[in-house]
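Below: one structure, written as structure tokens.
The values are calculated or read from the model by the stated rules, or taken from the named source; none is laboratory data. Model, not experiment: these values are computed from the prediction. Cβ: placed from backbone, ideal geometry, glycine included. Neighbour counts: every protein chain shown. Note: areas computed on protein heavy atoms with side chains; ligands, DNA, RNA excluded. Shrake-Rupley method; radii C 1.70, N 1.55, O 1.52, S 1.80 Å.
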Amino acid sequence: MLRKLLGLRQVAQRTISTASRRPFENKVPEKQKLFQEDNGIPVHLKGGIADALLYRATMILTVGGSAYAIYQLAVASFPKKQD
């Protein structure tokens, strides 16, 4: 009976454990080297193609949104004539 309880205790500890079954490789030193390298690329673009695409999309949306806001302000500032 005692062995069964001890066995159950071990199984319970294993299943509730927060430890990962597959240890992950620590990639922080590699990323630190990449981002600290002095190669003339801005830090917000050093992540590669995905960073460049996100940057360009953000800039397009920002410039487009600003132009649209200015257009709407111009339209609103000249009300339509009532006949």
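Please go through the stretch 30-50 and give me each residue that is in contact with a helix residue (DSSP H, G or I) (Cβ under 7 Å, 6 or more places away or on another chain) and open to solvent by less than 80 Å² (accessible area, probe 1.4 Å), ordered by number.
Those that are in contact with a helix residue (DSSP H, G or I) (Cβ under 7 Å, 6 or more places away or on another chain) and open to solvent by less than 80 Å² (accessible area, probe 1.4 Å): LEU45, LYS46.
Sort out which residues of the stretch 33-83 are on the phi < 0 side of the Ramachandran plot, within 23 Å of the chain's Cα centre (by Cα) and not in a helix (DSSP H, G or I), and write them in order of number.
Across the stretch 33-83, the qualifying residues are GLU37, ILE41, PRO42, LYS46, GLY47.
Considering (1) open to solvent by 70 Å² or more (accessible area, probe 1.4 Å); (2) modelled with pLDDT of 90 or more; (3) more than 23 Å from the chain's Cα centre (by Cα), say which one LYS27 fails and leave the rest.
(3)
Residue check, GLN13 against (1) modelled with pLDDT of 90 or more; (2) not in a loop (DSSP other than H, G, I, E, B), all met but one. Which one?
So GLN13 meets the others, but not (1).
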